[in-house]
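**Q** Structure incoming, see below.
Only the coordinates and a few stated rules stand behind these numbers; no lab work does. Note that the structure is a prediction, hence the values are computed from the model and not measured. A quick note on method: Cβ atoms are made from the backbone with ideal geometry, for glycine too, and the neighbour counts reach across all protein chains shown.
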Amino acid sequence: MSCFVTHLESAIDGTSLPADTIQTLHKDRPLWVRYDLPAIARVLSPEKLASREPTLWRYRELLPLPTDETPISLGEGMSPLIPASNLGQSLGLDQFWIKDESQLPTGSFKSRGLAMAVTMANHFGIKRVAIPTAGNAGGAMAAYAARAGMEAYIFMPRDTPVINQMECVMAGAKVFLVEGLITDCGKIVRQGIDEMKWFDFSTLKEPYRIEGKKTMGLELAEQFNWQLPDVIVYPTGGGTGLIGMWKAFHELRELGWLTSDNMPKMVSVQSDGCAPIVKAFEANERFATPWEGAHTCASGLRVPAAVGDFMILDAIRESGGWAVSAAEEKIISTMYRATAMEGISVCPEAAACVLAIEKLITNGQITRTDRVVMFNTGTANKYIETARLNLPVIHDPASVDYSTLAP
Ligand SMILES: *Cc1c(COP(=O)(O)O)cnc(C)c1O
């Protein structure tokens, strides 16, 4: 058996913490998981990976679970990288891909992070977990907790999409609707730790969710034959996806697996109804101020304050990328347009990315020849509340006037 984790490292001041017990925050800020990368490079190679099963567990040596232990898994990972030339051409891009996370267990990329977090909590013997959620994280936690035989408590804003409520209930979690935002839900979980003896699974409050999200970057590199694209466009709420991918690219560079030194520009996208990271980016701040009156139909982006704000902003700046806001009132129509062009179930969060790409092209920040990857972080099917159907009804199936069917 082996585990290549050396220690945990505070993201705010570099303090080293042991990885052999469960950890949370340090000085109220998140931790990085650090590995013995030279040792990994000695036992693992891109060639060796190629024959492994197509899930995120193929990167076993780069993940925190000791290699002789069985993960709590639903087969997550290795999402397809789909060339999207219809949408790409309409945006003015010659090379455009969608990494389609809508096909993952529980219908979003959240299953990557929660598979890892629940696996590690299980490894440390934790039996009761709680999470504040905008929707998809709760659904994913409920599923993995069910599989691990853990008791799950989930707190979500009252207007969270009903499918998210349903998936949590179906997976046997105890679900509570909160009159407030995800930050209020977070407070309920935090203040209940002593009395309820649950482990707090809030975004970035334990070190392992980032490691699950990191696999998006590992997969992308592998799917691009170890040469990264020029631009990655990613919707940002709590930021684990963007932070995790950036960490992956650094680890791959240290492993010596990347065939080019070019790192992608990371683009963080938010709705203009809740854009604390964009505001901090534009103001040249390292930390974001909580967004007042957060509202967006892209529920994954409705995060007014993120504990890892500086990690998101550091990654964007280090990559030479940008934080961009999308017009809230255009998100739903863009979701329909993008889905109709590619047949990919584009969620509102990814629709915001389409709008951000339009903005960046207009401003000349992205050009036609750039190789651009957009992440579709979840399936549109979960956002039933945004349905705009108004379908014509055929009242008499025996006498259809076909001349009325074509537009
Ligand atoms: C959670 C979520 C996001 C935001 O991801 P973070 O990693 O929290 O920034 C984006 N899209 C969807 C569909 C989500 O569920």
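**Q** Would you mind telling me which residue in Q165, Q191, Q223 has the biggest mean-square fluctuation in a Gaussian network model of the chain, where springs connect alpha carbons within a distance under 10 angstrom?
**A** Q191
**Q** Then there's this: Would you please name the chymotrypsin sites (Phe, Trp or Tyr not before Pro) within the stretch 127-199 that are DSSP coil residues with at most 11 other C-beta atoms within 10 Å of their C-beta?
**A** none
**Q** Taking the Cα centre of each part, how many Å lie between the stretch 212-243 and the stretch 61-109?
**A** Between the Cα centres of the stretch 212-243 and the stretch 61-109 lies a distance of 9 Å.
**Q** Would you please name the trypsin sites (Lys or Arg not before Pro) within the stretch 100-171 that are DSSP coil residues with at most 15 other C-beta atoms within 10 Å of their C-beta?
**A** Hits after loop and neighbour filter: K127, R158.
**Q** Grab the Cα-Cα distance for L389 and A39, subtract it from 0.36 nm times how many residues apart they are, and report the gain in nm with one decimal.
**A** Computed gain between L389 and A39 is 120.5 nm.
**Q** Sticking with the crude label model, points 7 Å out along Cα→Cβ, report the distance from K27 to N381 in nm, one decimal please.
**A** Taking the two extended label points, one gets 4.6 nm.
**Q** What full-extension length gain, to one decimal in nm, is calculated for Q227 and V400 as 0.36 nm per residue of separation minus the Cα-Cα distance?
**A** 56.8 nm
**Q** Restricting to DSSP loop positions (anything but H, G, I, E, B) with no more than 14 other Cβ atoms inside 10 Å of their own Cβ, which trypsin sites (Lys or Arg not before Pro) remain in the stretch 315-407?
**A** Of the trypsin sites (Lys or Arg not before Pro), the ones in loops of the stretch 315-407 whose Cβ has at most 14 other Cβ atoms within 10 Å are R368, R388.
**Q** Figure the gain on full extension for I12 and E47 (residue separation times 0.36 nm, minus the Cα-Cα span) and round it to one decimal in nm.
**A** Value of the extension gain: 9.0 nm.
**Q** While we're here: Whole number please: convex hull volume per residue of the Cα set in the stretch 352-407, in Å³?
**A** About 180 Å³ per residue, rounded to a whole number.
**Q** Applying 1/(1 + (r/R0)^6) with R0 = 56 Å to the Cβ-Cβ distance of S333 and D194, what FRET efficiency is obtained, to the nearest 0.05?
**A** Step by step, r from the Cβ atoms, then E = 0.75.
**Q** Within a 10 angstrom radius of the beta carbon, how do M266, M116 rank from fewest other beta carbons to most?
**A** M266, M116
**Q** I've got another one for you. About the Cα centre of the stretch 294-407, what is the dipole size in debye to 20, counting +1 per Lys and Arg Cβ and -1 per Asp and Glu Cβ, all else neutral?
**A** Rounded to the nearest 20 debye, it is 180 debye.
**Q** Exceeding 28 Å between C-alpha atoms, which entries from my cross-link table qualify? They are K247/K330; K127/K214; K27/K330; K27/K197; K187/K265; K48/K214.
**A** Check vs 28 Å cut-off fails for K247/K330; K27/K330; K187/K265.
**Q** Right, something else. Mind jotting down the distance between the C-alpha centroids of the stretch 147-186 and the stretch 317-385, whole Å?
**A** First find each Cα centre; the distance between them is then 27 Å.
**Q** Same structure, new question: Once you put a point 7 Å from the Cα of S90 and another 7 Å from the Cα of K187, both along the Cβ direction, what distance in nm separates them?
**A** Rounded to a tenth, the inter-label distance reads 4.2 nm.
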